[in-house]
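Each remark here refers to the structure printed beneath this line.
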Amino acid sequence: MAALEPKASAPTPNGRRRSKKVSTRIDMTPMVDLAFLLLTFFMLTTTFAKPYVMQLTMPVPDEAHPTAVPASKSLTVILGKNHRVHYYFGLNQPADKTVAAARLETTDFGPRGVRQVLLARQQRGPVVVLIKPGADSQYKDMVDILDEMSITNQRQYALTKLSPADLTLLTSNPL
């Protein structure tokens, strides 16, 4: 608490005595205790940064009945090096002569990149996106493409392996 401590005053040179000066001393201990109690209260009741988690549902692999994806409703996305995204519409089936050869396009994760491609393709109807990470792609690219699937409200997409036909398509198109 506060305490008053009187000071003794000495006589002045002309012989008159001064009035007593009273100094105050404030004990700061209760205020510091209160500050630490409030600090611990708010630290314990506050939620710190919540983890951002994306729900990813993976189907059970069924070797007997592989899922067939129609070429007219598919978009293949290949993740490349330097955060580049290569894509083509349809399926890359070089053995099938009735289907036109795939035309490889390249974009990035920018505002006019893969998001615009996905939105433009969705306007024509439902689409199945096949995501194929390349050997030179990074984990960040995989997270970014999954974020794009969530942002564009893409319902059907699959993570698949890069096929030999896709590798030849990548090497035949210098980008």
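Based on other C-beta atoms within 10 Å, arrange F48, F109, F41 from fewest to most.
Arranged by neighbour count, lowest to highest, F48, F109, F41 become F48, F41, F109.
Counting Lys and Arg as +1 and Asp and Glu as -1, what is the net charge of the other residues whose Cβ lies under 10 Å from the Cβ of Y88?
That sum, taken over residues with Cβ under 10 Å, equals -1.
With a/c under 1.5 counting as rounded, go ahead and sort region 71-172 into rounded, prolate or oblate using the C-alpha gyration tensor (a ≥ b ≥ c being the square roots of the eigenvalues; past the cut-off, prolate if a/b is larger than b/c, else oblate).
Cα axes put region 71-172 in the oblate bin.
Can you pull out the trypsin sites (Lys or Arg not before Pro) in region 99-160 that DSSP calls coil and that have at most 15 other Cβ atoms within 10 Å?
Here the sparse-neighbourhood loop sites are R103, R112, R124, R155.
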- How many angstrom separate the Cα center of region 20-52 from the Cα center of region 129-169? 52
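Read-outs throughout are calculated quantities, based only on the coordinates presented, and are distinct from any laboratory measurement. What you see is a predicted model, and the numbers here were worked out from it, not measured in a lab. Ideal geometry is used to build each Cβ from the backbone, glycine not excepted, and the neighbour counts take in all protein chains shown.
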